[in-house]
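Q: This is the structure I have questions about; it appears just below.
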Amino acid sequence: MKANATQSQIQRPHISSLCAPQIRNPVLPRNIPFSYSSSEFRSIGLPVRLLSQSQIWNSRFLVSHRRVSEKLSDSFEPDSGPEHVPEPDKVLINRKSSLADILKQANSLLPHVVIASTLLALVYPPSFSWFTSRYYAPALGFLMFAVGVNSSEKDFIEAFKRPAAIFAGYVGQFVLKPILGYLFGTISITLFGLPNAVGAGIMLVSCVSGAQLSNYATFLTDPPMAPLSIVMTSLSTASAVFVTPLLSLLLIGKRLPVDVKGMVSSILQIVVAPIVTGLLLNRFFPRICDSIKSFLPPLSVIVTALCVGAPLAINVDSVMSPFGITILSLIIAFHLVAFVASYFLAGFFLHKAPDVKALQRTISYETGMQSSLLALALANRFFQDPLVAVPPAISTVIMSLMGFSLVMIWAKRKQ
């Protein structure tokens, strides 16, 4: 009875006392036994040495105080269980981020889209034949604008500080590639018995400058190298007004007059103006730039598909000619050797560079992808035989397919 009376005198602590900074020791009847093992002491985070009964009570009371405090704090926090409904703002933010991620991943579909556009152009040419040559300059300018938006002026300044890489790309463009063009052009005539016009068309493809699509391919694989690729392409395009006629005279035996003013105007419209616009937008209007970055990848995929499918659809009769399959095989071999040879030669001459692999990929794109559209325009304008235009028309499709297939392969290896 006395024990019960004593226990009835122990009052439950009030909530205010639980939140107080100091806790007084409660009155404990001496006849209540306590038995603790060392493992139990470890379970509540106490040292193994034995304590007095009052110290043990204080420790138990502190633990219970912490548990009660945690329960009280949990009661004021929002429920995160299965029945909890997230806030509308958070749902909207998550949806926006997921949509942006989907749009940014559109570039991974580019090789598949290029293949699909090629097949569609062969099966149903009117799907791309409306995209005539007057749309090429704005389309390529849009791709350069996408590169400029994702770059800065410092990237281009750093690109000019790499003369060895620029020189290696130039050598691949106007030394290695013309040698390969002369080799495969001669093979087409001597071994396969194709007309001289076909060999002239293959050699003409090897005489032109680099393609702007190589800049976009470099941007997709190694974004920091995109300014260097643009510098290489711009240099080869600017010097093509003198080099292309000279090479055509040496390889084909015919001097092709190239419009200097038209070439300079093309560089300004397709390369300089779009990139400068993108750089200025990124520098002075970053919010606008960030808002449109997510939509550039899918639009770039569509534009690239049009640039690949249109030349094939317009020249489908020449491609499907009796010589079409043989010319196709020769063009594939020509571009394949250009991609591979420039990759390994760049690794040999630039092996001391810390980013040699990225340089190899960039120079490989620059050498393997050239302005076949320019070669096609020159063939239609200065050669009477329509067969000269067949290799450039096939080259436009093949170099795009092979280039963006390498984008997919190298991007996966980097991951």
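The values are calculated or read from the model by the stated rules, or taken from the named source; none is laboratory data. Everything numeric here is computed off the predicted structure, so don't read it as measured data. When we count neighbours, we look across all protein chains shown, and the Cβ atoms used for this are built from the backbone with ideal geometry, even at glycine. Remember, those area values only see protein heavy atoms, side chains included, never the ligands or the DNA or RNA. Shrake-Rupley method; radii C 1.70, N 1.55, O 1.52, S 1.80 Å.
Q: Test S108 against the stated conditions and say whether it is modelled with pLDDT under 85, under 30 Å from T233 (Cα atoms) and assigned to a loop (DSSP other than H, G, I, E, B).
A: Here the answer is no, as S108 does not meet what is asked.
Q: Kindly evaluate G172 against the criterion of being closer than 30 Å to I332 by Cα and either among the acidic types (D, E) or free of Cβ contacts under 8 Å to residues at least 60 places away in the same chain (or both).
A: When the stated conditions are applied, G172 does not pass them.
Q: Return yes when S372 is touching a residue at least 24 places away in the same chain (Cβ under 8 Å) and within 26 Å of the chain's Cα centre (by Cα) and no when it is not.
A: Taking the combined requirement at face value, the residue satisfies it.
Q: Let me ask something else about it. Out of A379, A375, report the one residue that is over 21 Å from Y170 (Cβ atoms), open to solvent by less than 10 Å² (accessible area, probe 1.4 Å) and out of contact with any strand residue (DSSP E or B) (no Cβ under 7 Å at 6 or more places or on another chain).
A: Details: A375 fails: over 21 Å from Y170 (Cβ atoms).
Criteria check complete, one pass: A379.
Q: From the list L306, L330, L296, L336, which residue is surrounded by 21 or more Cβ atoms within 10 Å (Cβ to Cβ), aliphatic (A, V, I, L, M) and under 29 Å from the mean Cα position of the chain (by Cα)?
A: Going through L306, L330, L296, L336 in turn, the sole match is L296.
Residue-by-condition table, conditions (1) under 19 Å from S209 (Cβ atoms); (2) touching a Ser or Thr at 6+ places or on another chain (Cβ under 6 Å); (3) assigned to a helix (DSSP H, G or I):
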{"position": "T367", "(1), (2), (3)": "yes, yes, yes"}
{"position": "L378", "(1), (2), (3)": "yes, no, yes"}
{"position": "R381", "(1), (2), (3)": "yes, no, yes"}
{"position": "V388", "(1), (2), (3)": "yes, no, yes"}
{"position": "T396", "(1), (2), (3)": "yes, yes, yes"}
{"position": "V407", "(1), (2), (3)": "no, yes, yes"}
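Q: A follow-up question, please. When you scan region 309-316, do you find a residue that is farther than 18 Å from A379 by Cα, in contact with a helix residue (DSSP H, G or I) (Cβ under 8 Å, 6 or more places away or on another chain) and either buried (at least 21 other Cβ atoms within 10 Å of the Cβ) or in contact (Cβ under 8 Å) with a residue 40 or more places away in the chain (or both), even just one? I'd like the intermediate steps shown before the answer.
A: Applying the first criterion (farther than 18 Å from A379 by Cα) to region 309-316 yields 309.
Checking the rest, the ones that are also in contact with a helix residue (DSSP H, G or I) (Cβ under 8 Å, 6 or more places away or on another chain) come to 309.
After this cut, where a residue has to be either buried (at least 21 other Cβ atoms within 10 Å of the Cβ) or in contact (Cβ under 8 Å) with a residue 40 or more places away in the chain (or both) as well, the list is 309.
Yes, because at least one residue in region 309-316 is farther than 18 Å from A379 by Cα, in contact with a helix residue (DSSP H, G or I) (Cβ under 8 Å, 6 or more places away or on another chain) and either buried (at least 21 other Cβ atoms within 10 Å of the Cβ) or in contact (Cβ under 8 Å) with a residue 40 or more places away in the chain (or both).
Q: Within region 175-223, which residues are among the aliphatic types (A, V, I, L, M) and without any contact (Cβ under 8 Å) to a residue 60 or more places away in the chain?
A: Result: V175, I179, L183, I189, L191, M203.
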